[in-house]
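Taken together, the values in this text are just the output of simple stated rules run on the coordinates, not laboratory data. Since we're looking at a predicted model, the values are computed, not measured. Note that each Cβ is placed from the backbone with ideal geometry, even for glycine, and that neighbours are counted across all protein chains shown.
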Amino acid sequence: MAKRIQRKRWIGISLLAPLILAPVATGEARGQTLPDGAFGWMAQLAGNCWTALYPDRATRDTQCYSVQYGRYLRGTIRIESSSSGGDRPPYLGDSVFAWNAETSEMQFYYWSSGGSHGMTVGRVEGATINFPRPPQVGANAPMTRTSWTRLGPDSYRVTTQRLDDGNWVDGMSITYTRVAADPGE
């Protein structure tokens, strides 16, 4: 009987926790907002989760953003594939975006469950934010970048691009839409 009561209490707490903690995680509990003009439209992603399906229709990418310390934009990512049959763990990652007011650029630091980590810079160019990928050491590959474009208040598109004869050529493109809560929790 005592175990049943404990389990019910745990289930009740686990159902309420996201409602209680969500304002703290997003910075809303302390009224945190990002500095005016920082991060371009990307600042509006804070306090929300966004999800997209890859072209294979089996891989889901969910990203959540929050304000940290009133000046940083923090992001989490979870990529899962339904085609793996649960054999492969999801790809998990974290990032912090810092705004450099002197250069009007954001510095993007990232690390993941797969061991990758690094830093790049994002440049706001109107409705688009471009994140050039750092060149690979010893590689003779073309320059690439990821281009983020705001489509409206509830969606944005991320497109990989490569530089070919001075022109950016689109590769894979996926559209993220706002979701009510992180489906991974």
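Between Tyr69 and Tyr110, the modelled labels are 2.2 nm apart [label points 7 Å from Cα along Cα→Cβ]. Label reach from Asp170 (point 7 Å along Cα→C-beta): in segment 107-133, no amide nitrogen lies under 11 Å.
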